[in-house]
Amino acid sequence: MRIHVLQLIVGDKLISDSYNMVGLHLLSSGTVVDAGDILMLNRHNVDYVDIQPRGSEAINVLDEPTVRHANNKQLLTFNGAISSIKDLFSVVENGGSIQNETIESAFNPMIQSFQEEKDVVSLLLSLNSKDDYTYQHSVQVGMLSYYIAKWMKKSEKEALQIGKAGYLHDIGKSKIHSDILHKPSKLTNDEYSEIQKHTIYGYEIIKNSLNDNTLALVALEHHERMDGTGYPLRKKSTEIHSYSLIIAVADVYSAMICNRVYQQKRDLLVVLKELHRMSFGQLDPKITQIFIRNMIPNFIGKKVSLSDGRVGTIVMTNPTDFFRPLININNQFFDLSQLGDVEITKIAI
């Protein structure tokens, strides 16, 4: 069965060797292609390949959306981390100090249970807690910050420290009155000014409790922006600690994918597009690109709705335009990078 490379599906099996235009051997007969193989064939300008005929089984598998759910250990450690951050907030509210041992005994086991996880997109959405948004958000930001650090090739020790910084980034909200923190309507200027103080409160709490200047700085700076439009100190670019820049990306992403009293969660691809837009001035562009580049492949195999009303499945991502992948609709293949008037409106997880 001879098909165009753009019609390849992850899982297709080659029945002949593939070579590029100058005779370089790329893939051997018998290879079961993955997304990376398809991208490589495209980069080498290979037009056609021979594959084993697809049976009904392969089509049925493709039609089923892949959903990743957390296992029991992951759920246990995730809920444990939420309970711990909830307790830390309570300790601070009652005038106490937070302890490093308490933090690491909850955060580190959770990270260990998720270390080999690949599909971060599905997993985060399957981990929904009935607890207050603030607590779940803290845990999500901790997890995402750890992942970003690992994707940036940081050591395990440093990645755990960055994850812990994300986990504690909003601890200052323990000093904000709940009527303001959970207000469903628009905040007044005075209320918004009070909300902004959570960064200063967080710095003071961590500095006084843990005597850790780096963790304290992240709590202070995670709302600062590269162009100086953030708060509380309107720092710019290199004035902001590198860890704070990582946590800022994780913080914005988590905030947009969650339901809050005053905001409905947004579609995943819309969120990544917004992060991409913010990388031109507000968020660190390198960190944001690394985050998007590592999140996008998780969409392969997911169901999507298109702006023209059709529904399909993402088959392959596009390395030159993350948001316009190859789509399979009723076993026909459409390259959205070639269809300028059609866009993805929703991704089903």
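Results for (1) more than 17 Å from H137 (Cβ to Cβ); (2) open to solvent by 20 Å² or more (accessible area, probe 1.4 Å), shown as yes or no for each residue.
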site: S174; (1), (2): no, no
site: L181; (1), (2): no, yes
site: D190; (1), (2): yes, yes
site: I206; (1), (2): yes, no
site: R234; (1), (2): yes, yes
site: I246; (1), (2): no, no
site: V249; (1), (2): no, no
Tally, over the stretch 1-24, of residues that are farther than 11 Å from I51 by Cβ and surrounded by 14 or more Cβ atoms within 10 Å (Cβ to Cβ): 4
When the stretch 44-55 is examined, which residues are found to be at pLDDT 75 or above and in a loop (DSSP other than H, G, I, E, B)? H44, N45, V46, D47, Q52, P53
Only unsatisfied item for L181, checking (1) among the hydrophobic types (A, V, I, L, M, F, W, C); (2) at pLDDT below 95; (3) more than 20 Å from F89 (Cβ to Cβ), is (3)
Got a number for residues in the stretch 304-342 being β-branched (V, I, T) and either assigned to a loop (DSSP other than H, G, I, E, B) or open to solvent by 30 Å² or more (accessible area, probe 1.4 Å) (or both)? 4
Within the stretch 69-90, the count of residues that are open to solvent by less than 70 Å² (accessible area, probe 1.4 Å) and either over 21 Å from F114 (Cα atoms) or at pLDDT below 75 (or both) comes to 3
Tabulated pairs, the stretch 19-35, first at positive phi, second surrounded by 12 or more Cβ atoms within 10 Å (Cβ to Cβ) and not in a loop (DSSP other than H, G, I, E, B), C-beta under 7 angstrom, 6+ apart or interchain: G30/K13; G30/L14
Per-region count, the stretch 208-232, residues open to solvent by 50 Å² or more (accessible area, probe 1.4 Å) and not in a helix (DSSP H, G or I): 3
Kindly provide the set of residues from the stretch 91-101 that are surrounded by fewer than 18 Cβ atoms within 10 Å (Cβ to Cβ) and either in contact (Cβ under 8 Å) with a residue 40 or more places away in the chain or within 28 Å of the chain's Cα centre (by Cα) (or both), ordered by number. E93, S97, Q99, N100, E101
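Does I205 satisfy being of a type in the set (A, V, I, L, M) and under 21 Å from T102 (Cα atoms)? Give the steps one after another, and end with the answer.
Values: of a type in the set (A, V, I, L, M): yes; under 21 Å from T102 (Cα atoms): yes.
In short, yes.
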Could you check the stretch 25-43 and list, in sequence order, the residues that are open to solvent by 60 Å² or more (accessible area, probe 1.4 Å) and at pLDDT below 85? D34, R43
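Are any residues in the stretch 270-286 of a type in the set (A, V, I, L, M) and open to solvent by 10 Å² or more (accessible area, probe 1.4 Å), and if so, which ones? Show your work before the answer.
Going through the stretch 270-286, the residues of a type in the set (A, V, I, L, M) turn out to be 270-272, 275, 278, 283.
Residues satisfying the conditions are V270, M278.
The values are calculated or read from the model by the stated rules, or taken from the named source; none is laboratory data. These numbers were taken from a predicted model, which means no experiment stands behind them. So basically every Cβ, Gly included, is an ideal-geometry build from the backbone, and we count neighbours across all protein chains shown. The protein model used for the area step is the full one, side chains on, heavy atoms only, and it has no ligands, DNA or RNA in it. Shrake-Rupley method; radii C 1.70, N 1.55, O 1.52, S 1.80 Å.
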